[in-house]
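Step one of this worksheet: look at the structure below.
The values are calculated or read from the model by the stated rules, or taken from the named source; none is laboratory data. Because the structure is a prediction, the values reported are computed rather than measured. Note that each Cβ is placed from the backbone with ideal geometry, even for glycine, and that neighbours are counted across all protein chains shown.
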Amino acid sequence: MLKLDHETILLAFAVVTGLAMLLQTIMLLAITVAVRKAANSVREETENLRTSIMPVIYDTRDLVASTQIVLTSAQEFVSSAQGVLSRMAPKIEAATGDLAQIAQGLRVQTAAIESTAMEIVDKVRKQSNRVDEMCTGLLDSVDRAGAIVTSAVSTPVRQVSKILGTVKAVIESLRSPVTRQ
């Protein structure tokens, strides 16, 4: 017959607790590995996004800068041409109209380039928000998984503890001498 004294019950509790802690450690290690893999994947995607978008932004910035230089040069040319205009007004009036159209076209192109640059920046911001939402969703999932693991481990341990308490109470009641009146 198995002898269930206080030390045996404590030993059984210690073994069950140790096994539960070992299982919990293994689950937490698995979750940690999964989170690291997900974080590395997000980091790689962010780097890929950065390497593909940043050259476009730099090229757009250079194009806007060169367009502004062209506009500045055109404005300097127009101001120097005003001196010549005073002498050759009739012939240059037609040329001035053409230059004004060119300047207007350059302004329109500059506005279009600026609009494109703003769209690119907006898309980068949207992608950053999307990556942020993905990270938030991942961390929420990890939190839910931790809660599920905790529930899955603690519920059986509580049930075993209750069963052992019941067994102990039954054994103690069987051991106690019956008092007769």
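Residue count for region 17-44 under the criterion of being in contact with a Leu (Cβ under 8 Å, 6 or more places away or on another chain) and within 24 Å of SER151 (Cβ to Cβ): the result is 2. Collect the residues in region 1-30 that are of a type outside the set (A, V, I, L, M) and either surrounded by 14 or more Cβ atoms within 10 Å (Cβ to Cβ) or not in a helix (DSSP H, G or I) (or both), keeping them in residue-number order. Once the filter is applied, which keeps residues that are of a type outside the set (A, V, I, L, M) and either surrounded by 14 or more Cβ atoms within 10 Å (Cβ to Cβ) or not in a helix (DSSP H, G or I) (or both), region 1-30 yields LYS3, ASP5, PHE13, GLN24. When SER52, SER41 are checked against the criterion of being of a type in the set (S, T, N, Q), in a helix (DSSP H, G or I), surrounded by fewer than 10 Cβ atoms within 10 Å (Cβ to Cβ) and out of contact with any Pro (no Cβ under 7 Å at 6 or more places or on another chain), SER52 stands alone in meeting it. Among the residues in region 136-143, are any polar (S, T, N, Q) and free of Cβ contacts under 8 Å to residues at least 40 places away in the same chain? Checking region 136-143: at least one residue is polar (S, T, N, Q) and free of Cβ contacts under 8 Å to residues at least 40 places away in the same chain.
The requirement of being under 20 Å from ASP122 (Cβ atoms) and aliphatic (A, V, I, L, M) is satisfied by VAL56. Could you go through region 58-66 and let me know if any residue there is more than 30 Å from GLN109 (Cα to Cα) and surrounded by 10 or more Cβ atoms within 10 Å (Cβ to Cβ). Among the residues of region 58-66, not one is more than 30 Å from GLN109 (Cα to Cα) and surrounded by 10 or more Cβ atoms within 10 Å (Cβ to Cβ), which makes the answer no. Here is the figure for region 66-121: residues that are hydrophobic (A, V, I, L, M, F, W, C), part of a helix (DSSP H, G or I) and modelled with pLDDT under 85 total 13. If only residues of region 159-177 that are surrounded by 10 or more Cβ atoms within 10 Å (Cβ to Cβ) and among the charged types (D, E, K, R) are counted, the one that is nearest to the chain's Cα centre (by Cα) is LYS162.
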